[in-house]
Structure formats: structure tokens, C-alpha cells
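Each remark here refers to the structure printed beneath this line.
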Amino acid sequence: MSLSAQTYWAAHAWLNGTVEPGTVISTGTDGRITAVRTGVPEPPVGAVPLGGLTVPGLANAHSHFFHRALRGTTQIGGGTFWTWREAMYLAASQLTPESAHELARAVYAEMALAGITCVGEFHYVHHAPGGTPYQNPNAMGEALIAAAGEAGIRLTLLDTCYLTSGFGTPPTPQQRRFSDGTADAWATRAAALTDTGHARIGAAIHSVRAVPATAFATVADWARERGAPLHLHLSEQPAENDACHRAHARTPTRLLADHGILGPGTTAVHATHLTDDDITLLGATGTGVCVCPTTERDLADGIGPAAALERAGSPLSLGSDSHAVIDLLEEARALELNERLRTRARGHWTAAQLLRTASEEGHAALGWPDAGRLEPGSLADFTTVALDTVRTAGPAPALATEAVIYAATAADVRHTVVGGRHIVRDGVHQTVHDTAGTLARTIRALNHPR
């Protein structure tokens, strides 16, 4: 992704848990870090200065880009996840490949402005309304790949199999554009998608209610044959668990385990309402769990057993999901703060552990294990958070990690570098020049179609 070699000088850099002052990060033409040198008090000639704390780029492991159009519009009155879902379906019904590209480009630019260098897009709006495929069956997915490239961030397109409305029931009219009809048809269409320099293709089982258990293996085998990540929504709502019990006399986690879906290449999203046996199954198989705290609290979903899952052996990652906010620093601290509310005790994760969850673990869940660390050979993806704003000023530099995780917001991000390219400079996106204006225009058109 990089056009030329570049040298950056970080006033402070987070190097695998240690805050180092005066760090030079050199990048090569292949978009990777070639050298890291500490103890450099001033920027060398020609180096780009990065004031603040430079950390590995953040990975947003779970996104539905078009949910960004609902921000602020669903906050009047009460309701539940299921009533919110009706507004989401309405937004989905308006999408075209052209509007999806424009909105996703702006949403991914907003992510870059928040220090996110890689996103996992859980993509299931495949076809035209009514379910008719576009002339190019992957027109929607390719629009998202192009959007991420133009916004300057990496993408794992988690192409999603979505076949039923519930256990044994066909898709509703609103859901028909999500469905390929059969898992084999899904696999054939998804196989036409290819990796690019900035994008990788993964797979997703939408949920146990939206994919029959007999079709799980088709999706899982597709991912395993390609060495691609496999994601799925899991136990986001008690109603899903209850319906699974009625259909299969077991929990969704046990159903997945019985069909061989769990394992290190699989990431379960949410995993909010689990039994002790579920937690053991996920941990013992090394299945990852992506927690989305700002969405789970916005939709009143509940607080999941993240700490217990990690203790059991599940690596954790983070996602902004419905984009109530796009702020991975907020997601990271919410992981700890939610656990404090549950247990009435503090200190479940260190700031360094939370930062790894937001960066290295998220990249691994998305199939980018060569990102998330500031060291030679890693992808040159990093972000700089200011230490002199009203939120972050005060703590000694040695406590910069704590200041960033527990006080900074996306508004404090000053620089984002992806593949050695300076995508966000001094808080300004370098290719999507009016991100806020583009968001306003595209969301207005989506919410008020002619």
C-alpha cells in the first residue's frame, strides 16, 4: 500500500507494553516496518513527527457499515433489539451498490479518523430488494472493498451466509436480499471474491437462526479450505437461545460445537447470554469472541461474560457493530468498566491488555496476524493519540497508556498510518476531505429516499 519508504518519529511509542520516548519507525516500500529505534530525542532530518502516543493500529473486528445511518435516529422512546431491527431493515432496503460504496467510504474514513486501520465487515446485503442478484452477483461486496481502499484502511470482508428468518422459516420479504437460497449457492458466489492488497475475504454464518445446522459445514469448510477467518453472531439475545432450545434441544454454542464449527479460526460475536458449559466449550476450543460493548449497551442486550471467556481460553477482540459510536478506545475501556459493574471490583485487565485486545487480537481475528505490533516485519499500521488535550493532559508519560485507554476518545486521534501511508494527518483525512459532510449527505439520502 505504500508508494515510498518513509520515516516517522514518535514522541512516545507503545512497544509491546512499554512506553518509549523518542522512537523512530522506518517503513519500506512493501508497507511494512523495517526498523524501530528508541532513544532518539529529536526528529531526524526528513522524519515525520508524531506528537503524542503512537500505538499499533486499532482493529474493528465487527462492523455493519450501513447501521451508521441509524445513529441518533433510534434514540426516541423505548423498545428492544427487535424493534430496533425493524429500523435497520428499512435502512438496508434502500441500499444500492452505489449508495453502499459512498456510505461505506465515509464510514471507513470515520474509522481511520478514530485510529482504526483494519475493519471486519460482516456483510450480508448481497442482492437487490426482493432477492434478485445484481448482474454482478458481488456488486455489493466489491463496492465495500473499493470503499475501504479509497478510505485508506484494510478490510476483511466477512461474506455472510443468511438463509432463513428463523429455525425452519423462510426469509421475510425484507430479508430476501440477504439470501443466496442455499449454502452451496452462497459458496459459489463468495468464491468469486478475491483478496487484494488491502482486502481479504472471510466467511460468516450469520447466526444459528439464519443458517440451518445442516448448512454450517458448507460455510466452515469454505473458510478452512482458504485459511480464511470464520465469524458468526452468537447468543446476542435470550430469544435466540430459547428458539434454539425449541428447535434443537441445546444451546447455540453446543449446536455449533456438535457440528465442528468452534475452533481457533472461528470468532463468535457478542456471546452475551451463555451458560457455564457454553463458556467452557468456547474456551476449550480456542474460539475467539468479539465483544461490542457500545452496541450491546445501546440495544440493551446485556453484559457478556468476557472475563470468564478469556480465563477459559477464548481470545477477545472488539467491534463497533452498529456504530452507535465509532471509538475503539471506548470499546476497550467498556470491556473493563462493564466487568467492574458486574463484579463491583476493579482491575480485571491492565491498560496494556486492553490495547492488545483492540489491536493485535483484533487483527488476528480478521486474518491479519502480521499487524498489531510496532516491530520490524509487521505491517506499518499505527495511530497516534494526543497527550495534550483536555482529556489526556496531566499524567506522566509513563502512564500514557492508561491515559489513552481510560480517558482519550476518537477525537484525540491525530495521525493514522496504514501500510506506511499517512492516511490521517493532524486529525484530517487525506483522501476523504469532507468526511462529516459526506456522511450527512449519504445518510440523508438513505433515510429520505425520493
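Observations on the structure shown:
- From the options 191, 243, 257, 217, residue that is more than 25 Å from residue 91 (Cα to Cα), in contact with a Leu (Cβ under 6 Å, 6 or more places away or on another chain) and either of a type in the set (Gly, Ala, Ser) or at pLDDT below 95 (or both): 257
- Failed item in (1) of a type outside the set (Gly, Ala, Ser); (2) closer than 16 Å to residue 231 by Cβ; (3) assigned to a helix (DSSP H, G or I); (4) open to solvent by 10 Å² or more (accessible area, probe 1.4 Å), with residue 264 passing the rest: (3)
- The set of residues from the stretch 41-51 being open to solvent by less than 60 Å² (accessible area, probe 1.4 Å), more than 16 Å from residue 4 (Cβ to Cβ) and under 34 Å from the mean Cα position of the chain (by Cα) comprises 43, 50, 51.
- Matching entry among 68, 37, 85 (being among the charged types (D, E, K, R) and modelled with pLDDT under 95): 85
- Members of the stretch 176-189 found to be part of a helix (DSSP H, G or I), touching a residue at least 40 places away in the same chain (Cβ under 8 Å) and under 24 Å from residue 270 (Cβ atoms), listed by number: 177, 178
- Any chance residue 435 is among the polar types (S, T, N, Q) and in contact (Cβ under 8 Å) with a residue 12 or more places away in the chain: yes
- Residue pairs meeting the criteria (Cβ under 6 Å; at least 6 apart or on separate chains; first charged (D, E, K, R), in the stretch 277-299; second open to solvent by 10 Å² or more (accessible area, probe 1.4 Å)): 278/251; 298/324
- Entirely in the stretch 1-79, the strands (runs of 3 or more DSSP E) that have 3 or more residues that are among the small types (Gly, Ala, Ser) and out of contact with any helix residue (DSSP H, G or I) (no Cβ under 7 Å at 6 or more places or on another chain): 6-15
- Subset of the stretch 190-232 that is in a helix (DSSP H, G or I) and open to solvent by less than 20 Å² (accessible area, probe 1.4 Å) - its residue that is nearest to residue 135 (Cα to Cα): 190
The values are calculated or read from the model by the stated rules, or taken from the named source; none is laboratory data. Predicted, not measured: the structure shown is a model, and the values here were computed from it. Note: ideal-geometry Cβ built from the backbone for every residue, glycine included; neighbour counts use all protein chains shown. The area values use the complete protein model at the heavy-atom level, side chains included, leaving out ligands, DNA and RNA. Shrake-Rupley method; radii C 1.70, N 1.55, O 1.52, S 1.80 Å.
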